[in-house]
Ligand SMILES: [Zn+2]
């Protein structure tokens, strides 16, 4: 992000920040979150001195609300300008950004910054999506382990708590899942739910993937145990490898190692959501900073989150 970007009124002017938020939360004008009333004639903006900026009154249910109700921003004491800047920085930094760094950049306490970041990750988390891939699409599937002892090195072993399964479509998006263990019983249901039947699946040689060929249009595997990193199918010209998903893991691990030192097991799914989001909304897919941050705000709807327990602290 350049210095010119930092002059964006959403980062400097609270009214501009609020109006930009309203535009995304209420694309068709304000509506009451209490009763659903969207009739402009029955909604009044409260512009008295004592009213909070952006406060509306609903003539239908007599309730009051702002655009932040029901979003990750609800009841936050942090100015919306800082939320916009935080979303922008998280959305545009390829490997992520540490809470220490963000805390210094925003001038918000470390603890509040940490809470903000987890709320923003929650906004980046997408669920209930249609299956990935499709006819002619290649989707690579692989697993990895995010270690804790002595850093974030890969550790092979079923005992590991931080096992991750990822599906990446070549030239498309990524979806990652925190799984209990890397077994057929755990992995296949996720693959079936998230991969369209017409897709060409690529994996390593692991036995847990052996039956994919029966369930999807095509399945190819590379045998890493034989030192094989990929080959070209002479008949179809298809590149048989899982380099894309391995590249995804390399970004994820560099980010986790350098930036996110205190990732507890219970938060792993949110970090995965953050990396999936950035990967799936990257510049190479013609999605630029502004659109990316708008997508985060879009995802902030219906994600009201409260962190209260001290056990949620990153250092606990
Ligand atoms: Zn109402």
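Read-outs: derived from the displayed coordinates by stated rules, not from any lab. No experiment lies behind these values; they were computed from the predicted model shown. Here the Cβ positions follow ideal geometry from the backbone for every residue, glycine too, while neighbour counts run over all protein chains shown.
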Query raised in the report: How much length is gained on full extension from residue 207 to residue 104, taking 0.36 nm per residue of separation minus their Cα-Cα distance?
Result: 32.3 nm
Query raised in the report: Which of the peptides 241-253, 163-175 is most tightly packed, and how do the rest follow, going by the mean number of other Cβ atoms within 10 Å of each residue?
Result: 163-175, 241-253
Query raised in the report: Using a Förster distance of 22 Å, how high is the FRET efficiency between residue 12 and residue 286, based on the Cβ-Cβ distance and rounded to 0.05?
Result: 0.20
Query raised in the report: Relative to the present Cα-Cα distance, how much length would full extension add between residue 35 and residue 214 at 0.36 nm per residue of separation?
Result: 59.5 nm
Query raised in the report: Which whole-number percent is the relative contact order of segment 15-123 (Cα, under 8 Å, 6+ apart)?
Result: 18 percent
Query raised in the report: Taking only the alpha carbons of the chain, what extent do you get along each of the three principal axes, in Å, biggest first?
Result: 73, 43, 39
Report task. Rounded, prolate or oblate: pick one for segment 262-305, where a ≥ b ≥ c are the square roots of the eigenvalues of its C-alpha gyration tensor, a/c under 1.5 means rounded, and failing that, prolate if a/b is larger than b/c, else oblate. Result -> oblate
Query raised in the report: In what order do 226, 270, 254, 292 fall by count of nearby beta-carbon atoms within 10 Å, going from fewest to most?
Result: 226, 254, 270, 292
Query raised in the report: So what is the relative contact order of the chain, in percent, for Cα pairs below 8 Å that sit 6 or more residues apart?
Result: 21 percent
Report task. Tell me the label-point distance for the pair residue 48, residue 267, using the 7 Å Cα-to-Cβ offset, in nm and rounded to one decimal. Result -> 4.2 nm
Query raised in the report: What value, in deg cm²/dmol to 500, does the helix sum -39500 (n - 2.57) over DSSP H runs of n ≥ 4 give at 222 nm once divided by the residues of the chain?
Result: -10000 deg cm²/dmol
Requested in this report: Given the peptides 184-193, 15-24, arrange them by the average over their residues of other C-beta atoms within 10 Å, most packed first.
Outcome: 15-24, 184-193
